[in-house]
Amino acid sequence: NALDFSKNPDYQPRLKLTDPEHALHYNNFYELGTSKEDPFRNADKLNTDNWKVVIEGECSKPTTFDMDDLLKLEQEERIYRFRCVEGWSMVVPWIGFPLAKLLKQVQPTSKAKFVEFVSIEDSNLPGQRFRILDWPYREGLRMDEAMHPLTLMATGIYGEALPNQNGAPIRLVVPWKYGFKSSKSIVKIRLVEKQPFSSWMVATPSEYGFYSNVNPNVSHPRWSQAKERPLGSFFKQKTLMFNGYENEVAGLYKGMDLKKYF
Amino acid sequence: MTTALKVFLFSLLCSLPAWDLAWRFLNDELGANPVEFLEHHTGDWTIYFLLLTLSITPIQKFFKPNWNRWLMPMHLVRRVLGLSAFGYALLHLATYLVFDMGLSLTDSVNDIIERPFILIGMVSLILLIPLAITSTASWQKRLKRHWQTLHKAIYTLTFLGILHYALLVKADLFQPLIYLSLFAILMLLRIRFDS
């Protein structure tokens, strides 16, 4: 399952990588079950054969991409911090390409203000037998967030193709936002004019906002976000503003009240 | 076998999950999120033992087993189960205070004030203390009829323990609802028999 990729020297921070044993076996992927071990245990329930990604909506060239086409794009490795809203974190080498590269191909129109991501819906997925969330899983970004150079479409992890439990065959990675914004197993990307509602916003609007930027100063209603526990570690460390990507992304939110737009 | 030995062996049996956790702790087998693992398991065992404690009365009323013959006097079975629940609750609290709060008093106080589910857990654990202390025969004699009134608090405290769990879950309420159903059944069995 090795992928063809090169290391992008701009994104090789000197951070201690999370033990892959942890990153590949401790996952939130409710389509495959709600406990952390479920996604790995039920990984074979996710069928990724003949995968296609539809890009439609406010664009001049709506396109359906075969997974093979997407893998022909230049793949690069980037090491990112990853912070879950639940208070744990990891440092992972992703392989993929910037989402902006893909979106430019479909030529978004001036009406494209937001991007909606739709994940797989399949009656064989054990988690989707229950309406724990409003299936299929939906997430969204503002257009400028989606076009940001940090925003990655990942096809691999630790040098290999994405395992099913990590969101195969293609997922989003937005490193300055809480993990649930980084949709897994994406089948559709919609360019839209109005801010979409994510599955978590529908489930618990008071706890999960559209932006969900990592912010140690804004608590989740039920727990503090000031600290995080790196996977494999007993003790916590301080959470960084925008998960350590403040220099790169703070400009996107200039003048916004981040408590209000959480 | 003497009763004292039976009590000792039964307590040892109830402490097996704790030894399992200790073994995993020492051998680095607690998984990716070791603290969450400890918190979830000690929390689950607290609720299991609370529910087991609450099931003694219904078992007695339905089956009238010969406790002494099969195990040991009923009140001793219940006492060991109740104290085990208390023990797991203490381990649960200790894990939280040491690894989540880093033993910081300010952090703990802030967390308790800000998070309703932490407050509920903490209050129910504090209220378990007088029950644990007065679980002995001498306290039972000293408190007379008040003893039973005091120990009926276990009903409310078990409910609060389950609520504490339900309030921390992100979306999937399946497990806390199972616990709540078991609790409800154990309570309903009592109502029928008391009247």
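The values are calculated or read from the model by the stated rules, or taken from the named source; none is laboratory data. Please read these numbers as outputs of a predicted model, since none were measured by experiment. Neighbour counts run over all protein chains shown; Cβ positions are idealised from the backbone, glycine included. Accessible surface areas use protein heavy atoms only, side chains included; no ligands, DNA or RNA. Shrake-Rupley method; radii C 1.70, N 1.55, O 1.52, S 1.80 Å.
Would it be correct to say that B:Arg145 is in contact with a Ser or Thr (Cβ under 8 Å, 6 or more places away or on another chain) and surrounded by fewer than 17 Cβ atoms within 10 Å (Cβ to Cβ)?
Spelling it out, it is not the case that B:Arg145 is in contact with a Ser or Thr (Cβ under 8 Å, 6 or more places away or on another chain) and surrounded by fewer than 17 Cβ atoms within 10 Å (Cβ to Cβ).
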query = Which of (1) exposed (fewer than 15 other Cβ atoms within 10 Å of the Cβ); (2) under 28 Å from B:Phe10 (Cβ atoms); (3) within 14 Å of chain A (Cβ to nearest Cβ) does B:Pro130 not meet, given it meets every other one?
reply = (3)
request  = Give me the pairs, please: first residue somewhere in the stretch A:124-137 and at the interface with chain B (Cβ under 10 Å from one of its Cβ atoms) and outside any helix (DSSP H, G or I), second residue anywhere and among the polar types (S, T, N, Q) and crowded, with 19+ Cβ neighbours inside 10 Å, beta-carbon distance under 6 Å, and either six or more positions apart or on two chains.
outcome  = A:Leu133/A:Ser199
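What do you reckon, is B:Arg78 within 13 Å of the chain's Cα centre (by Cα) and charged (D, E, K, R)?
yes
Going by the structure shown, is B:Leu189 of a type outside the set (Gly, Ala, Ser), at pLDDT 95 or above and closer than 20 Å to B:Leu52 by Cβ?
no
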query = Quick one: B:Ser108 ticks every box in (1) assigned to a helix (DSSP H, G or I); (2) among the small types (Gly, Ala, Ser); (3) more than 14 Å from chain A (Cβ to nearest Cβ) bar one, so which box is it?
reply = (3)
query = Which condition number does A:Phe130 fail, the rest of (1) over 26 Å from A:Asp10 (Cα atoms); (2) surrounded by 18 or more Cβ atoms within 10 Å (Cβ to Cβ) being met?
reply = (2)
query = Which of (1) open to solvent by 60 Å² or more (accessible area, probe 1.4 Å); (2) of a type outside the set (Gly, Ala, Ser); (3) in contact with a strand residue (DSSP E or B) (Cβ under 7 Å, 6 or more places away or on another chain) does B:Leu83 not meet, given it meets every other one?
reply = (3)
query = Which of (1) in a loop (DSSP other than H, G, I, E, B); (2) open to solvent by 10 Å² or more (accessible area, probe 1.4 Å); (3) not β-branched (Val, Ile, Thr) does A:Ser183 not meet, given it meets every other one?
reply = (2)
key: Single match in A:Lys52, A:Lys36 (criterion: charged (D, E, K, R), open to solvent by less than 50 Å² (accessible area, probe 1.4 Å) and either touching a strand residue (DSSP E or B) at 6+ places or on another chain (Cβ under 7 Å) or within 14 Å of chain B (Cβ to nearest Cβ) (or both))   = A:Lys36
ask   = Mind checking whether some residue in the stretch B:150-163 is open to solvent by 60 Å² or more (accessible area, probe 1.4 Å) and farther than 16 Å from B:Leu50 by Cα?
value = no
ask   = So, of the residues in the stretch A:24-33 that are within 17 Å of A:Val92 (Cα to Cα) and facing chain B (nearest Cβ under 8 Å), which turns out to be surrounded by the most Cβ atoms within 10 Å (Cβ to Cβ)?
value = A:Tyr26
ask   = If you take the residues of the stretch A:138-180 that are free of Cβ contacts under 8 Å to residues at least 40 places away in the same chain and part of a loop (DSSP other than H, G, I, E, B), which of them is farthest from A:Ala250 (Cα to Cα)?
value = A:Leu162
task = Kindly list the number of the only condition in (1) more than 14 Å from every other protein chain (Cβ to nearest Cβ); (2) touching a strand residue (DSSP E or B) at 6+ places or on another chain (Cβ under 8 Å); (3) of a type in the set (Val, Ile, Thr) that fails for A:Thr18.
result = (1)
query = Name the residues in the stretch A:146-161 that are of a type outside the set (Ser, Thr, Tyr) and either at pLDDT below 95 or within 17 Å of A:Arg81 (Cα to Cα) (or both), would you?
reply = A:His148, A:Pro149, A:Leu150, A:Leu152, A:Met153, A:Ala154, A:Gly156, A:Ile157, A:Gly159
query = Quick one: is A:Gln225 assigned to a loop (DSSP other than H, G, I, E, B) and either in contact with a helix residue (DSSP H, G or I) (Cβ under 6 Å, 6 or more places away or on another chain) or open to solvent by less than 10 Å² (accessible area, probe 1.4 Å) (or both)?
reply = yes
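Does the stretch A:17-29 contain at least one residue that is part of a loop (DSSP other than H, G, I, E, B) and farther than 16 Å from A:Leu231 by Cβ?
no
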